[in-house]
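Asks: Quick one: structure below, then a few questions.
The values are calculated or read from the model by the stated rules, or taken from the named source; none is laboratory data. A quick note: this is a predicted structure, and the numbers were derived from the prediction, not measured. With ideal geometry, Cβ positions are generated from the backbone for all residues, glycine too; neighbour counts draw on all protein chains shown.
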Amino acid sequence: MLLIDLPLILALAGLALYTVLAGADFGAGMWQLTAGGGADAQRIRNHAHESMAPVWEANHVWLVFVLTVMWTAYPSAFGSIASTLSIPLFIAAIGIIFRGGTYALQSGTSTPREVRAVDTTFAISSVLTPFALGAAVGGIASLRVPLGNAAGDLVTSWLNPTSILIGALAVAASAYLAAVYLSADAVRLGHPELVRAFRARALVAGVLAGLIAVAGLVVLHSDAHRLYNRLVDGPGLPALIVSIVAGAVALGLVWRGRFELARYAAAVAVAAIIAGWGLAQQPLVLVDLTIRQAAAPHDTLVVVVVAVLGGGVILFPSLGLLFALVLRGGFDPGQAGAGVATAPAPAPKAVIASSAAGLSGRVAVACLIAGIGLLTVAEAGWAHAVGVVSLLAFVVAGFVVVRPAEVAREPDEDSSTRCGA
Amino acid sequence: MCEAMAPATVALAPAHQSYLLQARQMQALSFAVHIPLVCFGIAFPAMVLFVEWLYLRSGDPLYHTLAQRWSKVMVALFAVGVITGTILSFEMGLLWPNFTATFGSVFGLGFAIEGFSFFLEAIFIGIYVYGWGRLSPRWHFVSGIPVAIAGFTGSLMVISVNAWMNHPSGFRLLGGRAVDVHPLAALFGNSYLWHELVHMYVAGYIVAGFLVAAGYAFGRLRGRWRRYERTALAIPLTVAALASPVQVLVGDWNGRTVAKTQPVKLAAIEGLAKTTRGAPIHVLGWYTGGGVRFGIPIPHALSLLAFHRWNARVEGLDAVAPSDRPPVNAVRYAFQTMVGIGTLLAVLGVVFLVICLWRRRLPESPWFYRALVVAGPASVVALIAGWVTTEVGRQPWVVYDVMRTSQAVTGAGGLPVGYATLVIVYIGVAAGVAWILRRLARAPLEAAAAG
């Protein structure tokens, strides 16, 4: 494995994680859209929302990760892709605004009617975004993006057989992943009617995704012959086999009601498609650009790989904590109050003693004077640094002196809630 | 090295774009929507955590209620920030593919690290907000700390990129390609980074503080003034009141650094047509080709402020060709707006601090609260005016003195359509944010905490 390939592998891994995590979020939006009316449909919508709400922001950051690694490590390829495929990428961006807006709004909606209005208004973006991103991938995979600033065809680069195929596959796979995850969550929550509903959806969407994938090979044969050859008889073959096997296993597990295992098998099946694409397309990034030509200078590749691996050391335990809390049901409805919600100390006491405030007053004045002298009068860089620290210390010490929480306590006018104006 | 042998053809050629101005406006709109949310990312977690800490110390349920309600606002604004931030990362490629294609290897690392900050913020904001009553009080408090840290590191990374665009280093250009690239030196060894970072960081506390306070000040004018509201106003306002005088000093430091590194930007800020010794400052007025007309002159003030010398020589716009100058009036008025509002905010902050310290109570005059209601939105105007000053003041360059904005822009068509779409979508987003904040504010307080 060469240094020039490493960031691309990391970006594709990020794309796979985006697909299996955020894809399920878009899929959940599709099931909200198609739930229909009535109380049962409302339960389906609520379940789809509550399962995804704690994790969607983290899931969506994977896309930002992919973009940043690509433009750092393969800048010319990124610029070419973003300009030629500007239309589907813009559609995806708008879709992401709507999908994210749903969650932002829902954090304040309380009545079921409002939740439903918000869900339905924006669920359309759940279909639009995976399709547009899939279509963009189709343009890259069928080598319709040349090197250059908007050098490719702005329309046919993403409205072509391969793009439509991959867009449709992305939609079906998102729906499938969501149904599998939501089935597993419904089992944990103990809602058999939701389990039945999402099991049926998972089976339908899974078979559909499988059919699109198989039909896709026919499309690739005629429209993206290089990709087809290298996928069925070349470096992409192992990934293709893994995807087929994992997909079949996942469907079998869903059939038998083993949703927790099916969750991982389904994710592997989808991730393997992305791996297969990467393996089949290399060493080309664009039709006229190899990975070696696209790669950033050596120093950049080193620091970006170090940054990503170092970031991963912090990121993965944190993600693990989040998913552990979610998957073990820690954030399920009804869990609130099961933990400790009582006040730790019954008797309110002054938070900061007066003597400390007096000292802080002198510290604040000293810091302010030092800050003015060092930042405004002095010229040296080190003086500015110390000056800034002094001024920040002034803010902190000043805050201690003012004691806003105490100021707000007195005079207590609780007897009259109306005053002033 | 094999990388050095890569053919020079991998550089993208600049493309013709009839709608460069629309592309710039689209980018500016996206920043203007995102930056106020960034202020909440920088400052609000610390305020929420402070209130939760008060609860842990005192056991007073009022603080628990306040922290919990604020955390809902925090997550709603963060969710909007996630989407507006994602749009910005798309636009780096959609609008400026030549910029990313040429210099992604130099500045991209900043965004890659910022991505991880964003990640940690998203993860722990999820744990924090969904963890109320589900984690032990202590662990719940601890789970909020990474949110506050990531809000700072994220803005550090983004500003390191902006500082690099204003004061580029860490590479050489060879046949349109960046070679000899040293990303760490380019981003973090940049003398331009620190004043920008501190200015924005302090601005974050001022904007978040005054905006939150403005909401409760509005409530007070309508008679909502229990201890809950007083506490919710006093804490953010105290932070903003302390930070806004500090910002005057930090802003002055910014001005002196710009005078040294970007003299043309300074000349545009002050409308200084010709290189002058003992240069004056003009307040208000209008720049015409020869200088500022109808302004109020303050003799020697520019030389004194920028270089601390009565007769210091200040470079004028005539130092560079007309095609290398930024649009003077836009930059100048943005700067005057920022300074004007910033000064008024500092005065309002000092008034508040004096009343708090001398009387040990909150101000009582309704005029103070009317001023606060105006100060919240005004702080956002000052924030955006500040960014207009630095970004429009950098024009016509996207990378100062290296790449013109017109060389960076996409060659793709349809920009006006995209721009119009984004305007409509962002109006919808703004309406949604207004609706959700109203909704969260209207939710009734728990009876126990209302007293």
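Asks: Any residue at all in segment A:182-203 that's surrounded by fewer than 16 Cβ atoms within 10 Å (Cβ to Cβ), aliphatic (A, V, I, L, M) and free of Cβ contacts under 8 Å to residues at least 60 places away in the same chain?
Replies: So far as segment A:182-203 goes, yes, one or more of its residues are surrounded by fewer than 16 Cβ atoms within 10 Å (Cβ to Cβ), aliphatic (A, V, I, L, M) and free of Cβ contacts under 8 Å to residues at least 60 places away in the same chain.
Asks: Among what's in segment B:191-234 and is of a type in the set (D, E, K, R) and in contact (Cβ under 8 Å) with a residue 24 or more places away in the chain, pick the residue that is nearest to the other protein chains (Cβ to nearest Cβ).
Replies: B:Arg230
Asks: For B:Ala346, all conditions in the list (1) surrounded by fewer than 18 Cβ atoms within 10 Å (Cβ to Cβ); (2) within 30 Å of B:Gly223 (Cα to Cα); (3) among the small types (Gly, Ala, Ser) hold save one; what is the number of the exception?
Replies: (1)
Asks: Can you tell me which of A:Ala22, A:Ala58 is within 14 Å of chain B (Cβ to nearest Cβ), at pLDDT below 90 and within 29 Å of A:Asn160 (Cα to Cα)?
Replies: A:Ala22
Asks: How many residues does segment A:137-185 contain that are in contact with a Pro (Cβ under 6 Å, 6 or more places away or on another chain) and under 22 Å from A:Leu17 (Cβ atoms)?
Replies: 3
Asks: Also, I was wondering about something else. Can you give me the ranges of the helices (runs of 4 or more DSSP H) entirely in segment A:1-92 with at least 3 residues that are within 24 Å of B:Thr102 (Cβ to Cβ) and of a type in the set (S, T, N, Q)?
Replies: Those helices (runs of 4 or more DSSP H) span A:75-84.
Asks: Now for a different question. So which helices (runs of 4 or more DSSP H) stay within segment B:97-190 end to end and still have 1 or more residues that are facing chain A (nearest Cβ under 7 Å) and β-branched (Val, Ile, Thr)?
Replies: Result: B:97-130.
So that you can scan it fast, the table gives a plain yes or no per residue for (1) in a helix (DSSP H, G or I); (2) acidic (Asp, Glu); (3) within 12 Å of another protein chain (Cβ to nearest Cβ):
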| site | (1), (2), (3) |
| --- | --- |
| B:Leu383 | yes, no, no |
| B:Trp387 | yes, no, no |
| B:Glu391 | yes, yes, no |
| B:Pro416 | yes, no, no |
| B:Tyr419 | yes, no, yes |
| B:Val425 | yes, no, yes |
| B:Gly428 | yes, no, yes |
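Asks: Can I ask one more? Looking only at segment B:61-92, how many residues end up being buried (at least 23 other Cβ atoms within 10 Å of the Cβ) and more than 22 Å from the chain's Cα centre (by Cα)?
Replies: Matching residues across segment B:61-92 total 5.
Asks: Shifting gears a bit: Here are some conditions: (1) in contact with a helix residue (DSSP H, G or I) (Cβ under 7 Å, 6 or more places away or on another chain); (2) within 11 Å of chain A (Cβ to nearest Cβ); (3) more than 20 Å from B:Phe78 (Cα to Cα). B:Gln395 meets all but one. Which one does it not meet?
Replies: It is condition (2) that B:Gln395 fails.
Asks: Taking segment A:202-243 as the region of interest, how many residues are among the acidic types (Asp, Glu) and at pLDDT 90 or above?
Replies: The total comes to 1.
Asks: Could you identify the single residue in B:Ser379, B:Ser406 that is out of contact with any strand residue (DSSP E or B) (no Cβ under 7 Å at 6 or more places or on another chain), closer than 30 Å to B:Arg230 by Cβ and assigned to a helix (DSSP H, G or I)?
Replies: It is B:Ser379.
Asks: Turning to a different aspect of this structure: Consider A:Thr68 against the criteria (1) touching a residue at least 40 places away in the same chain (Cβ under 8 Å); (2) facing chain B (nearest Cβ under 7 Å); (3) of a type in the set (S, T, N, Q): it satisfies all of them except one. Which criterion is unmet?
Replies: So the condition that A:Thr68 fails would be (1).
Asks: Determine whether A:Gly79 is touching a Pro at 6+ places or on another chain (Cβ under 8 Å), modelled with pLDDT of 90 or more and more than 10 Å from chain B (Cβ to nearest Cβ).
Replies: So A:Gly79 does not fit the description; no.
Asks: Further question on the same structure: May I ask you to verify whether A:Leu253 is touching a Leu at 6+ places or on another chain (Cβ under 8 Å), on the phi < 0 side of the Ramachandran plot and at pLDDT 90 or above?
Replies: It is true that A:Leu253 is touching a Leu at 6+ places or on another chain (Cβ under 8 Å), on the phi < 0 side of the Ramachandran plot and at pLDDT 90 or above.
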